[in-house]
Amino acid sequence: MSVSADHATSRPASPLLARYPVLTALRAQDLAPLLDADAYLRLPTGSELFAEHSPCRGFPLVIDGTIKVVKRAANGREMLLYRVEAGGSCIITSSCLLGGAAYSACGVAETPLTLTLLPEPQFTRLLGDCAPFRQFVFHLFAQRIAHLMQRVEEVAFVRLDQRLARLLLARGDDIHASQQLLADELGSVREIVSRLLKGFADAGWVALGREHIRILDRPRLREFADAER
């Protein structure tokens, strides 16, 4: 994992252990470097944590913020694969470390981030020597695989307009997001998402503003999202 950012000057140990209580199972000599204030990184929104084909340097432990992991096409389009939130795990990083491979996607700070990095040699050693840590990594790995399988199923079998309706419903009644961001999350293009949103607005289901969508008729939008086609 390649990161360029200023180190935080100070950070208490408790946030890391609160997010990742499994780390309390580590030996003192393994845990101490992770709790060192100089081990914490603060990254602004939009920072690229890793790029496709770049080598993986370690296992990220996210304390605050969200990483979005995306697959980018040659034409500039991108598709959101998943998000890594505080206390979570990046399956692509795990697979790269386990397989000694380079990254196959990109990781970007979706919000301001605070994180630390478990170096690759320590990650490998803990995976073999610390059963609670190994269980933690593989449990999150299984969760992420299940999520990705659900995403593949949606892309393959659910119409884009229904996927858009479900995305809006999941974000609440007042959604502050650009149409481009919604398109990226759906793996589509802004023009198509714009046309679909206009159709929702014409039906009276949503009201559209500048980078703002307000759901007006949640029951009808839900009925449309869940309808069998």
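The values are calculated or read from the model by the stated rules, or taken from the named source; none is laboratory data. Quick caveat: nothing in here was measured; it's all calculated off a predicted structure. Virtual Cβ from ideal backbone geometry, glycine too; neighbours counted across all protein chains shown. Side chains included, ligands, DNA and RNA excluded: accessible areas come from the protein's heavy atoms. Shrake-Rupley method; radii C 1.70, N 1.55, O 1.52, S 1.80 Å.
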Exercise. Starting from the Cα of H176, step 7 Å along the direction of its Cβ; do the same at S54; then give the gap between the two resulting points in nm.
Key: 2.8
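Averaged per residue, what accessible surface does the chain expose to a 1.4 Å probe, in Å²?
Working: 11560 Å² over 229 residues.
With the other protein chains kept in place, the chain gives 50 Å² per residue.
Would you compute, from DSSP H runs of 4+ residues alone, the mean residue ellipticity of the chain at 222 nm, taking -39500 (n - 2.57) per run and dividing by the full residue count, rounded to the nearest 500? Intermediate values should be presented prior to the final figure.
Values: 9 runs with 101 residues, N = 229.
Only helices count here, giving -13500 deg cm²/dmol.
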Exercise. Spit out the partnerless Cys residues in the chain, using Cβ distances under 4.7 Å as the pairing rule.
Key: C90, C106, C130
Exercise. Just check the chain against the gyration tensor rule for me: Cα atoms, a ≥ b ≥ c as the square roots of the eigenvalues, rounded for a/c under 1.5, and otherwise prolate or oblate depending on whether a/b exceeds b/c.
Key: prolate
Exercise. In nm, give the distance between the simple-model label positions of A203 and R159, each being 7 Å from the Cα along the Cα-to-Cβ direction.
Key: 0.8
Exercise. Restricting things to alpha carbons, find the Rg to Rh ratio for region 7-117 using the Kirkwood radius for Rh.
Key: 0.98
Quiz item: Using 1/(1 + (r/R0)^6) with R0 = 25 angstrom and r between the beta carbons of F141 and R210, what's the FRET efficiency to the nearest 0.05?
Solution: 0.05
Quiz prompt | region 12-94: trypsin sites (Lys or Arg not before Pro) in DSSP loop, at most 10 other beta carbons within 10 Å | solution = R27
Exercise. Using label points projected 7 Å from each Cα along Cα→Cβ, tell me how many nm separate Q122 and S104, to one decimal.
Key: 2.8
